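Input: a single structure, listed below in structure tokens.
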Amino acid sequence: MAESKRTWTYSQRFSEALPTQAHHQELDFMNVLTGGKLKLVQAALRLITESRSLTSLGLRELAREAGLNPNTFYRHFKNLDEFGLQVLGYIAEDMKSGVRELRRMAESSEQASHDTVTFVYRYFQSNPAATTVAVRELHGPSPLLRRALETQLDASAREMAEDIIDRQLVSAVPPETIHEISRMTIRYILFRAMDYIEKPEQRENIQQETEHFINRQFRGAMLDSLSQSEVEALALKLT
């Protein structure tokens, strides 16, 4: 009975934590923006989805899309980099808070992998414009935005590793290796983001491949301390 109750409670909290299309149809930070600032953000996200980078937008083009005077931009932002930092900062915090809650409830590394991947890809699907910003600006022309994104990715990886270590989900793997795998995982997920958004028929496969990637990294790390002969002996026992 206790096990059943714990499973039900986890499933309920997992379902509640996942982003939904209705909740994230527009980014939550839109709810705290008003007037010209809100219009500029919405206009930029519309333009970016048309295969544009954030810093390639012209202020006149942005203002025209927003239906505002070009000078309005400078009442709210010093430049496009400052605007981009605000958007990227929100995306990171909004996504990290939800996924950390799920990882802290996980009972195994496989469950943590599944929940992390499900949450993040659902977030990407619900927020395609925000995801497009993150993917494009990681390799975009602005050094400031590239550094900010790298910092956010490193922070996400560090939090993932800390959660896994705190929960002792892969106790046989050294902490430094967990951090290394977490860094690779975060970048791999972002690498697959646009495929997940743009190819709905492949979403299930992309999610499964991502989970397999994470699980194989941790399982392989458990064998790092074994010699080749020990690995072969272990394989024979399992066949």
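Every number in this text was worked out from the coordinates using simple rules, so none of it is lab data. Note that the structure is a prediction, hence the values are computed from the model and not measured. Positions of Cβ are backbone-derived with ideal geometry, glycine not excepted, and every protein chain shown enters the neighbour counts.
What to note about this one:
- Net charge in the neighbourhood of residue 159 (other residues with Cβ under 9 Å of its Cβ; Lys, Arg +1, Asp, Glu -1) is +2.
- Remark: spin-label model distance residue 171-residue 110 equals 1.9 nm, labels positioned 7 Å along the Cα→Cβ axis.
- With K and R counted +1 and D and E -1, the other residues having a Cβ less than 12 Å from that of residue 84 yield a net charge of +1.
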